1. Could you check the simple spin-label distance between residue 66 and residue 102, using points 7 Å along Cα→Cβ, in nm with one decimal?
2. When the chain is modelled as a GNM with alpha-carbon springs shorter than 10 Å, which of 188, 54, 227 fluctuates the most?
3. Report the full-extension gain for the segment residue 84 to residue 39: residue separation times 0.36 nm, less the Cα-Cα distance, to one decimal in nm.
4. So how do 151, 230, 209 line up by other beta-carbon neighbours within 10 Å, fewest first?
5. Taking the Cα atoms only, what angle lies between the long axis of helix 172-182 and the longest principal axis of the chain, rounded to 10 degrees?
6. Translational diffusion coefficient of the range 22-106 at 25 °C, 0.890 mPa s, Stokes-Einstein with Kirkwood Rh over Cα pairs, in µm²/s as a whole number.
7. Full-extension gain between residue 26 and residue 53, please, as 0.36 nm times their residue separation minus the C-alpha to C-alpha distance.
8. Please report 143, 52, 71 as a ranked list, fewest other C-beta atoms within 10 angstrom at the top and most at the bottom.
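None of the figures in this text is laboratory data; all of them are computed from the coordinates on show. Since the structure is predicted, the reported quantities are computational estimates derived from the model, not experimental observations. Counting neighbours? That spans all protein chains shown, and the Cβs are built from the backbone with ideal geometry, glycine included.
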């Protein structure tokens, strides 16, 4: 606690009261953010600053550290965490879970806009970053298709299937039909491996060839099939598997 002096209107009487220690800490942390920028702050302090707005009367440092510890210091895993898991952490209620979901949405849309602004194939790293942000921390497999126009601009990014920890049902007919509905000229296939290892399975390769063959008959090109792991990704095209 820190002390400060209060006077009555006449200025004759004064008394000393105690303030929570985190009030001064918040002021100092905000000052550091303004003076030295966010890159100078450790991860837990960035998270503290985020929590200030929704936890007005509590020391948020222990909570910020608990959140990061729960996810081994991985911000992406924290933001991707299901609401139920977050609320199992002491001190986390609906308000904090809502706020983290909001941040996740903003980050995802920022990454998506980077991929859309330029031609998709000339900004491959932005596309990979976007897919990684969206899928690397999913606990189950997810299959999505990026539909492109003739200039390789992104028309639509859609999840075509959600599955288990090691399998997602993929229906070639539905993928091709959706491409025709959107007037797409090309596709990029993407799915994640929750195990973290992006090595393609035999089923991944066979499914890719099936979609490539079906799309080719309709004049639609499949540029690549990306597999997203933990901090790594694999391109079936680069591997010569399509």
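1. So the two model labels end up 2.2 nm from each other.
2. 54
3. Values: separation 45, 0.36 × 45 = 16.20 nm, distance 3.05 nm.
Between residue 84 and residue 39, full extension yields an extra 13.2 nm.
4. Final ranking by Cβ density, sparse to dense: 151, 209, 230.
5. Between the helix axis and the principal axis of the chain, the angle is about 70 degrees.
6. Stokes-Einstein gives a translational diffusion coefficient of 186 µm²/s.
7. 8.6 nm
8. Ranked by crowding around the Cβ, least crowded first: 52, 71, 143.
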